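Step one of this worksheet: look at the structure below.
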Amino acid sequence: MFLTRLVYHSLADFMSGSGSVSDEMGRILSAGLRNNPPEGLTGVLAVDGDRFVQVLEGSRQAVSTTFRRIARDAAHRGLQIVFCGEVDQRCFSDWSVAVLREDSLPAPEGREVDYDHITADGLVERARRIRETGLIARRETLNADRA
């Protein structure tokens, strides 16, 4: 299997769905936890204020199918793919959703990010930091022998 990584960001349009942020996040979390692990997808969906940052890793087909579903979701506006390609190993061994808690980031790592000029590595690192410090929901997906 070719291991594919897709990294993107988008504006989070929480008012397009049920109308409340908690309802929309619950819907997204439920769908991700239900759909991604059985497909062998790992990664993180990080919520950074009004922006989604997502890293998806898995088979080319699973990543492609999942991204097409995401692109049709009205909760995302202005999707910007920063990287999509083959990689040697996963950055994330499970799948999770993380919401930034600004009070948990060190002072130099504040909320302000220039998403118009961020690199793929910068976006992966931002997602990792939000996951490390934010409110998180996670589901283990892979055994160590599966990649």
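Can you tell me which residues in the range 115-133 are at pLDDT below 85 and charged (D, E, K, R)? It would help to see each step written out before you state the result.
Our first condition is that a residue be at pLDDT below 85; within the range 115-133, this holds for 129-133.
Correct list: ARG129, ARG131, GLU132.
Return only the number of the condition from (1) in contact with a Lys or Arg (Cβ under 9 Å, 6 or more places away or on another chain); (2) under 17 Å from LEU11 (Cα atoms); (3) modelled with pLDDT of 90 or more that ALA98 does not satisfy.
That leaves (3) as the condition not met.
Considering (1) of a type outside the set (Gly, Ala, Ser); (2) in contact with a helix residue (DSSP H, G or I) (Cβ under 9 Å, 6 or more places away or on another chain); (3) within 17 Å of VAL7 (Cβ to Cβ), say which one ARG60 fails and leave the rest.
All conditions are met except number (2).
The values are calculated or read from the model by the stated rules, or taken from the named source; none is laboratory data. Here the structure is a predicted model, which means the values were calculated and not measured. Glycine gets a Cβ as well: all are built from the backbone with ideal geometry, and neighbour counts include every protein chain shown.
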